[in-house]
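Okay, so here's the structure we're looking at.
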Amino acid sequence: LNRLRRIKAVLNYAIKKQYLQFDPTSLIKIKGDVRNPEIIDTSKLIACLKRARSPQAKAFLILKSQLGLRNSEVQNLDLKSAINTEKKLVVIEPAVSKTGKRRLIDYSDTSLQPWIDFLSMDAFTEINDKTLNQYTCICRAEKIPNNAFRHSAITYWIIKDDHHSYAECALRHGNSPAMIEKNYMGAVNLKNDRSEALKWYAVTPDIIQH
């Protein structure tokens, strides 16, 4: 895709100089140039949290939905050493991050802290392969894709604060701005509902208990 863009830039220059009459690459259709990943509503997140029987499964869902982590990052994260409760930061070290790059996630505007207080830190540090299996079963029972929580977290995070930039989103979620725009621009435009985005990041234990 990047090579095609460079070629198009050269061809556009040639057209401007009248060396060409039209851009032949305009005839090429790129599948998946803009994607629309499946985004779930807050009601589905609540349903999954209610379905989760173990504290670890609930913790897994919270890390996915509130921080937008990948499954492998959730499994490898030692939250007890990674969290700074005073600054409300979670540090994703290179050994944990899929991209191999360290990143800081500000969780002050999420519901992570209420869930830590409710479940205890142990629930977040005892996540294992069994927890991943429980998570997969919950997704299957609710008929949602396994990666819908990360996709939804990223999409709602872009929307909720008057549209964070793709660069900010990339730093937070461990991706490039170009990939964030490619994968989520369509979803943001389709799901442009700030009230739903705010609800997503305000799902606290008391909501689940009602």
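The values are calculated or read from the model by the stated rules, or taken from the named source; none is laboratory data. If you're wondering where the values come from, they're calculated on a predicted model, not measured in any experiment. No Cβ is skipped: glycine too gets one built from the backbone with ideal geometry, and neighbour counts run over all protein chains shown. Side chains are part of the model used for accessible areas, which takes the heavy atoms of the whole protein and leaves out ligands, DNA and RNA. Shrake-Rupley method; radii C 1.70, N 1.55, O 1.52, S 1.80 Å.
Quick check on the range 174-186. Is at least one of its residues within 14 Å of the chain's Cα centre (by Cα) and modelled with pLDDT of 90 or more? Yes, there is a match, as at least one residue in the range 174-186 is within 14 Å of the chain's Cα centre (by Cα) and modelled with pLDDT of 90 or more.
Restricting the range 187-210 to residues that are more than 27 Å from Leu119 (Cα to Cα) and part of a loop (DSSP other than H, G, I, E, B), the residue that is modelled with the highest pLDDT is Asp193. Against the list (1) in contact (Cβ under 8 Å) with a residue 12 or more places away in the chain; (2) on the phi > 0 side of the Ramachandran plot; (3) of a type outside the set (S, T, N, Q); (4) open to solvent by 20 Å² or more (accessible area, probe 1.4 Å), the condition Gly174 fails is (4).
Kindly provide the set of residues from the range 51-60 that are in a helix (DSSP H, G or I) and open to solvent by 70 Å² or more (accessible area, probe 1.4 Å), ordered by number.
Within the range 51-60, just Arg51 meets the criteria.
Each row is one residue, and each column tells you yes or no for (1) modelled with pLDDT of 95 or more; (2) among the charged types (D, E, K, R); (3) open to solvent by less than 80 Å² (accessible area, probe 1.4 Å); (4) in contact with a helix residue (DSSP H, G or I) (Cβ under 7 Å, 6 or more places away or on another chain).
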site: Val34; (1), (2), (3), (4): no, no, yes, yes
site: Lys44; (1), (2), (3), (4): yes, yes, yes, yes
site: Leu49; (1), (2), (3), (4): yes, no, yes, yes
site: Ile62; (1), (2), (3), (4): yes, no, yes, yes
site: Gly68; (1), (2), (3), (4): yes, no, yes, yes
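Whenever a residue of the range 79-98 is under 12 Å from Leu112 (Cα atoms), its partners that are surrounded by fewer than 15 Cβ atoms within 10 Å (Cβ to Cβ) and of a type in the set (Asp, Glu), lying with C-beta atoms within less than 9 angstrom and at least six residues away or across chains, give the pairs Lys88/Asp106; Lys88/Asp109; Leu89/Asp106; Val90/Asp106. Whether a residue is touching a Lys or Arg at 6+ places or on another chain (Cβ under 7 Å), of a type outside the set (A, V, I, L, M, F, W, C) and assigned to a loop (DSSP other than H, G, I, E, B) was assessed, and Ser72 does not pass this test. Residue check: Tyr184 meets all listed conditions (1) in a helix (DSSP H, G or I); (2) among the hydroxyl-bearing types (Ser, Thr, Tyr); (3) closer than 22 Å to Ala47 by Cα; (4) open to solvent by less than 40 Å² (accessible area, probe 1.4 Å) but one, namely (3).
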